[in-house]
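Q: Please read through the structure below; I'll follow up with questions.
The values are calculated or read from the model by the stated rules, or taken from the named source; none is laboratory data. Remember, it's a predicted structure, so these values are computed and weren't measured experimentally. Here the Cβ positions follow ideal geometry from the backbone for every residue, glycine too, while neighbour counts run over all protein chains shown. Keep in mind that these areas ignore ligands, DNA and RNA; they rest on the heavy atoms of the full protein, side chains included. Shrake-Rupley method; radii C 1.70, N 1.55, O 1.52, S 1.80 Å.
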Amino acid sequence: MNVKIVLLPGDGIGPEVVTEAVKVLNAICDMYGHKFEYTERPIGGVAIDIAGTALPDETLQACQSADAVLLGAVGGPKWSDPSAAVRPEQGLLGIREGLGLYANLRPVRVYDELADSSSLKTETISGVDLLVVRELTGGIYFGKRQEGSETAYDTMIYSNAEVQRIAHVAFKAAMKRRKKVASIDKANVLASSRLWRRVVEGVAVDYPEVTLEHMLVDSAAMKLIRYPAEFDVIVTANMFGDILTDEASMLSGSLGMLPSASLGDGKAGMYEPVHGSAPDIAGKALANPIGAIMSAAMLLRTSLGLDQEAKTVEWAVEDVLSRGYRTADIAKPEDRHVGTSEMGNLVVKAMQRRKDAK
Ligand code: NAD
């Protein structure tokens, strides 16, 4: 299989974790006979330094003709002035828009081995395995707004078509999981949420095997902390998803563990760890590369249809954790402490062991 992958390492720990994810993808090529062709392009702060913009045209064009994009992270203190006209996160927004990526998928899984690194009780988070599907290109972040000295407003607009397409993503994902969808809104107050609810009900008819539950966002925020293991797929609007995904990310204990995918109508998608550029640990070999490695596994499965290969990566990550290897963010004194690159090497070795055992 010949595949074009664009790498956008970005800033801070971005390049460090992308290097480890590429190590894993290269091992997949060696093991299964695929050929991945990589093109590396600047985005975020590093692109501002080189080209004066967070998303140079060549970066977007390369992504538009790729089978998949793997991103590290953008941002850092050097470019953090919120009033600056050019800011690193414009790179992310521009690429989502440029590639039509309207669905953001964030799986959150609590590994048994790491259950005690969460700030919640082990019995509360044991067995958590959920997927948040967040609408990414509509809603209040994109509606008309006005800011005056006395008043200001933002508008939350959703169309039938926008809700339908994100709902289909969620129901399709649920069909491959435990067949439960929680649709989260604020239908007791917001008109856009009442439309959201109606449209999701309509889409649910196409998936009779899936159980649909509607939940108000305030109650969902509480349940996510109290009974997180009860959730399977969550589907929600842009702003609610923004907040709930950060809340859900803390179930796992470290931001460094979590992957994400942003998808549009085609197969091409953008894959990135959930964490940011972590300037406090950049360049110190302390970054946990598992979020980036698991993003590579999502890339294999979702954009390339390589399910077996994705499973090999996931199995290897679990194997390395079960043997007690930990980067600093998830380590206790009795664990085997490893750096960023060593963790990548261990995952590759575990993948090879699995292949040899077959
Ligand atoms: P952050 O995710 O970068 O870091 C939060 C904390 O988690 C830090 O203590 C960091 O050391 C730790 N951490 C994050 N990833 C880790 C990993 N892989 N291994 C070990 N520890 C890890 O969030 P922040 O500090 O709020 O933001 C830093 C910069 O990143 C800002 O400029 C922000 O705008 C940017 N940011 C970018 C993205 C993105 O590119 N998608 C997302 C969030 C924040």
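Q: At a 1.4 Å probe radius, which order do LYS180, LYS172, LYS358 fall into by accessible area, largest first?
A: LYS358, LYS172, LYS180
Q: In the chain, which longest range has no GluC sites (Glu not before Pro) that are both DSSP loop (not H, G, I, E or B) and surrounded by at most 15 other Cβ atoms within 10 Å?
A: Of all site-free stretches, the longest is 1-149.
Q: Can I ask one more? How many times 2.2 N^0.38 Å is the alpha carbon radius of gyration of region 1-132?
A: 1.25
Q: May I pose another question? On a straight-distance basis, which lysines could pair with LYS78 in a cross-link, Cα separation under 26 angstrom, same-chain partners fewer than 8 positions away excluded?
A: List returned: LYS284.
Q: In addition: How much accessible area per residue does region 50-188 have, counting only protein heavy atoms and a probe of 1.4 Å, in square angstrom?
A: Here the residues of region 50-188 average 50 Å² of exposed surface.
Q: Hey, another quick one. Could you let me know the centre-to-centre spacing of region 24-38 and region 177-201, using Cα atoms, in angstrom?
A: Cα centroid of region 24-38 versus Cα centroid of region 177-201: 41 Å apart.
Q: Among SER252, ILE13, VAL199, whose Cα sits farthest toward the positive end of the charge dipole of the chain (+1 at Cβ of Lys/Arg, -1 at Cβ of Asp/Glu, about the Cα centre)?
A: In the chain, that residue is VAL199.
Q: Where does the chain land at 222 nm, in deg cm²/dmol rounded to the nearest 500, when only DSSP H runs of n ≥ 4 count, each adding -39500 (n - 2.57), divided by all residues?
A: Roughly -13000 deg cm²/dmol at 222 nm, from the helical runs in the chain.
Q: Identify all aspartates and glutamates with a Cα-Cα distance to LYS355 below 16 Å; exclude those on the same chain that are fewer than 8 residues away in sequence.
A: ASP30, ASP307, GLU309, GLU314, GLU318, ASP319
Q: Sort ARG178, ARG198 from largest to smallest accessible area, using a 1.4 Å probe on the heavy atoms of the protein chains.
A: ARG198, ARG178
Q: Taking the Cα centre of the chain as origin, work out the dipole magnitude from +1 charges on Lys and Arg Cβ and -1 charges on Asp and Glu Cβ, in debye rounded to 20.
A: It works out to roughly 820 debye.
Q: Tell me which trypsin sites (Lys or Arg not before Pro) from region 1-88 have a DSSP coil assignment and no more than 16 other beta carbons within 10 Å of their own.
A: Answer by residue number: there is no such site.
Q: Among all the lysines, which ones have a C-alpha under 21 Å from LYS267's C-alpha, if same-chain residues fewer than 8 places away are not counted?
A: Leaving aside lysines fewer than 8 places away in the same chain, those within reach of LYS267 are LYS4, LYS35, LYS172, LYS176, LYS311.
Q: For ASP206, what accessible surface area do you get with a 1.4 Å probe? Give it in Å², rounded to 10.
A: Its accessible surface works out to 100 Å², give or take rounding.
Q: Checking understanding here: applying a Kyte-Doolittle mean of at least -1.0 and a length along the axis of at least 15 Å (C-alpha), which whole DSSP H helices in the chain pass?
A: Helices passing the filter in the chain: 14-32, 89-99, 160-175, 191-204, 238-249, 290-302, 307-322, 340-357.
Q: Taking 4 °C and 1.567 mPa s as the conditions, I'd like the Stokes-Einstein D for the chain in µm²/s, using the Kirkwood hydrodynamic radius from alpha carbon pairs.
A: 62 µm²/s
Q: Oh, and also: Which percent of the accessible area of region 119-252 is formed by carbon and sulfur heavy atoms (probe 1.4 angstrom)?
A: So the carbon and sulfur contribution to the accessible surface is 54 percent.
Q: Rounding to the nearest 20 debye, state how big the charge dipole of region 278-329 is about its Cα centre with +1 on each Lys and Arg Cβ and -1 on each Asp and Glu Cβ.
A: Dipole size: approximately 100 debye.
Q: May I ask for the Rg/Rh ratio of region 119-252, computed from Cα atoms with Rh as the Kirkwood radius, given to two decimals?
A: Expressed as Rg/Rh, it is 1.00.
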